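Structure record follows, encoded as C-alpha cells.
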Amino acid sequence: MASFTVDIPAGPIFSNDDAKQKCPIACAAHLGTWNGQWTTVIEGEMSVCGCTYQVPSGGSSPFTIDVAAGPIFNNDDAQTKGPIACASYGGTWNGQWKTVVEGRMSVVGCTFKV
C-alpha cells in the first residue's frame, strides 16, 4: 500500500500540546491520519497539520460521504469540479452535488474504497 502526505489547514495552533489535540481531528475530517508534523503559516491565525493518506490497492468495501468542493454554479460546473474535489481526498465522484451556501460553497458525493 502506498501513501502520501498533504498539509491540511487547522486554524491557529499555539503549541505541540495544542497540535496533539487539533491535528488528529483535522486530518480525520479529511480521511487521513496525523503524521505528527505541523507548522504555523500565519502567526496567531492559521497552522497546517501533516496528514498522511494510505492508497489502498483494490479495496472492496465502498462508502460515500459529501466533501466540500467550493462554489458549484450548475451541472456543467459540477462535471469539472466534482471529480477533482473527490480525487483530492482519494475518492471518486459519484455524480451527486448540492449547494450548501449559495454562491460560496457546495458539496460533492465521493466514494471511497477501503
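Selection of the range 2-23 for residues being of a type outside the set (Gly, Ala, Ser) and touching a residue at least 24 places away in the same chain (Cβ under 8 Å) yields PHE4, THR5, VAL6, ASP7, ILE8, PRO9, PRO12, ILE13, LYS22, CYS23.
Against the criterion of being out of contact with any Pro (no Cβ under 6 Å at 6 or more places or on another chain), farther than 13 Å from VAL107 by Cα and surrounded by fewer than 16 Cβ atoms within 10 Å (Cβ to Cβ), VAL6 does not qualify. Candidates in the range 81-114 are the residues that are within 27 Å of GLN54 (Cβ to Cβ) and hydroxyl-bearing (Ser, Thr, Tyr); of these, the one that is surrounded by the fewest Cβ atoms within 10 Å (Cβ to Cβ) is SER88. The set of residues from the range 36-52 being within 24 Å of GLY90 (Cβ to Cβ) and either buried (at least 17 other Cβ atoms within 10 Å of the Cβ) or among the β-branched types (Val, Ile, Thr) (or both) comprises TRP38, THR39, VAL41, SER47, VAL48, CYS49, GLY50, CYS51, THR52.
To keep it simple, each residue is scored yes or no on (1) within 11 Å of THR111 (Cβ to Cβ); (2) touching a Gly at 6+ places or on another chain (Cβ under 9 Å); (3) not hydrophobic (A, V, I, L, M, F, W, C).
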site	(1), (2), (3)
GLY32	no, yes, yes
GLU43	no, no, yes
GLY70	no, no, yes
THR80	no, no, yes
CYS86	yes, yes, no
GLY90	yes, yes, yes
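Would you check if SER61 is in contact (Cβ under 8 Å) with a residue 12 or more places away in the chain, within 30 Å of ALA19 (Cβ to Cβ) and of a type in the set (Ser, Thr, Tyr)?
no
Taking residues in the range 92-114 that are over 13 Å from LYS81 (Cβ atoms) and touching a residue at least 40 places away in the same chain (Cβ under 8 Å), and partners anywhere that are of a type in the set (A, V, I, L, M, F, W, C) and part of a strand (DSSP E or B), the pairs with Cβ atoms closer than 7 Å and at least 6 places apart or on different chains are PHE112/PHE63.
The residue that is farthest from ILE65 (Cα to Cα), counting only those in the range 12-40 that are modelled with pLDDT under 95 and not in a helix (DSSP H, G or I), is THR33. Scan the range 53-85 for residues that are at pLDDT below 90 and not polar (S, T, N, Q) and the total you get is 11.
Just wondering, is there one or more residues in the range 69-78 that are outside any loop (DSSP other than H, G, I, E, B) and on the phi > 0 side of the Ramachandran plot?
Taking the range 69-78 first, the residues outside any loop (DSSP other than H, G, I, E, B) are 69-70, 75-78.
Keeping just the survivors that are on the phi > 0 side of the Ramachandran plot gives 70.
Yes, some residue in the range 69-78 is outside any loop (DSSP other than H, G, I, E, B) and on the phi > 0 side of the Ramachandran plot.
The values are calculated or read from the model by the stated rules, or taken from the named source; none is laboratory data. Owing to the predicted nature of the structure, the values given are computational and were not obtained by experimental measurement. All Cβ positions, even for glycine, are placed from backbone atoms using ideal geometry, and neighbour counts span all protein chains on display.
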